[in-house]
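Chemist: Take a look at this one; I'll ask things after.
The values are calculated or read from the model by the stated rules, or taken from the named source; none is laboratory data. Please read these numbers as outputs of a predicted model, since none were measured by experiment. Here the Cβ is made from the backbone with ideal geometry for all residues, glycine too, and neighbour counts use every protein chain on show.
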Amino acid sequence: MAANTMPTCEAPKRATETVPTERIRGGRTYLPAVDIVERDDRLMLVADMPGVRRDDLEIVYERGQLSILGKVDPRQTADGIECLRCEYGVGDFARVFQIGEGIDASKIEAELREGVLTVHLPKARELMPRRIAVKPQ
Amino acid sequence: MFRTIDWYTPFQQLRREMQDLIDTVAPEFAPAAVRPYPAVNIYSAGDALLVEAEVPGVRREDLEILTTGNELTIKGRRPGDDENLTFHRRERGVGEFTRVVTLPIDVDADKIEATLQDGVLTLRLPKAESARPRQITVKAG
């Protein structure tokens, strides 16, 4: 039988108290694991938010700060269901990033697929790399 | 060959809670992750077991679920970019994973149902006939 193997650099799910979210319901808030990737024309933020549906997602970019919040309702809570062994908790995902200036806020786009959120943050025009041609003599 | 024995004790729960605490207040203090992936939650729901795992980004066709007796295996692959990208931060796992879970009771392997929705895998495993509770009538003496 195969032994347990895991993807590289996978950290455990982390609960957080530090995200400034006003909670109305009880429960814990978790930090989604994220990748931040830079391309020539944009930054891409990729966040694992399993169980979050499109309608339950809130993304706000304001003065260089990007907040993502995904609401997750408790699962498997029907009567007669009993947890025999629970390795992870279920709750909202929230995280705030300081992206800095230089993002064209009007062109930010986001997509959600199989519990993975991708936010595209296009760079402002003046920050795009450009090729400078050397004039012939 | 080595195998991970996957049983549950209160000490493991204590350790997990301590780890959660450390992860929360001092994440830099936490040791490199060696825990199996994905984490699973196991529920008893009447005459079935429910096994749930968070596998964001994993596609249905990349998942493989096997059972033998009371052993459940979840195999899959988390997609990653093969391009040479500049990462400012990299926390998400990439690559193949295999998780072997010893179920607390025997299940009927022929009737397992699996659903994958928004990155959450849910398996419904009917308990084996022999593992279901039985009413024992005490005969009048």
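Chemist: Exactly one condition in (1) in contact with a Leu (Cβ under 7 Å, 6 or more places away or on another chain); (2) modelled with pLDDT under 90; (3) surrounded by fewer than 16 Cβ atoms within 10 Å (Cβ to Cβ) is false for A:GLU58; which is it?
Modeler: Failing condition for A:GLU58: (2).
Chemist: Which residue pairs have Cβ atoms closer than 7 Å, lie 6 or more positions apart in sequence or on different chains, and pair a first residue in segment B:64-93 that is touching a residue at least 40 places away in the same chain (Cβ under 8 Å) and facing chain A (nearest Cβ under 9 Å) with a second residue that is assigned to a strand (DSSP E or B) and among the charged types (D, E, K, R)?
Modeler: As it stands, the answer is B:GLY93/B:ARG78, since those pairs meet every condition given.
Chemist: Here is a follow-up. Looking at B:THR67, B:THR73, which is the one that is outside any loop (DSSP other than H, G, I, E, B) and closer than 30 Å to A:ASP79 by Cβ?
Modeler: None of the others qualify; the one that does is B:THR67.
Chemist: Look at A:ARG95 and say whether it is of a type outside the set (Phe, Trp, Tyr), more than 13 Å from the chain's Cα centre (by Cα) and surrounded by 15 or more Cβ atoms within 10 Å (Cβ to Cβ).
Modeler: So A:ARG95 fails the test.
Chemist: Look through B:VAL51, B:VAL58 and report the one residue that is surrounded by 20 or more Cβ atoms within 10 Å (Cβ to Cβ), part of a strand (DSSP E or B) and either more than 9 Å from chain A (Cβ to nearest Cβ) or over 13 Å from the mean Cα position of the chain (by Cα) (or both).
Modeler: Just a single option satisfies the conditions, and that option is B:VAL51.
Chemist: Test each condition in (1) at pLDDT 85 or above; (2) surrounded by 15 or more Cβ atoms within 10 Å (Cβ to Cβ); (3) in contact with a strand residue (DSSP E or B) (Cβ under 6 Å, 6 or more places away or on another chain) for A:ARG53 and report the one that comes out false.
Modeler: Going through the list (1) at pLDDT 85 or above; (2) surrounded by 15 or more Cβ atoms within 10 Å (Cβ to Cβ); (3) in contact with a strand residue (DSSP E or B) (Cβ under 6 Å, 6 or more places away or on another chain), A:ARG53 breaks only (3).
Chemist: Right, here's the next one. Quick check on segment A:102-120: of everything there that is touching a residue at least 40 places away in the same chain (Cβ under 8 Å) and over 30 Å from B:LEU121 (Cβ atoms), which residue is nearest to the chain's Cα centre (by Cα)?
Modeler: Checking each candidate, the answer is A:ILE108.
Chemist: If you go through segment A:63-71 one residue at a time, do you hit one that is touching a strand residue (DSSP E or B) at 6+ places or on another chain (Cβ under 8 Å), of a type in the set (Ser, Thr, Tyr), more than 10 Å from every other protein chain (Cβ to nearest Cβ) and more than 25 Å from B:PRO36 (Cα to Cα)?
Modeler: yes
Chemist: Can you say whether A:ASP104 is in contact with a strand residue (DSSP E or B) (Cβ under 8 Å, 6 or more places away or on another chain) and farther than 30 Å from B:ASP23 by Cα, as far as the supplied structure shows?
Modeler: yes
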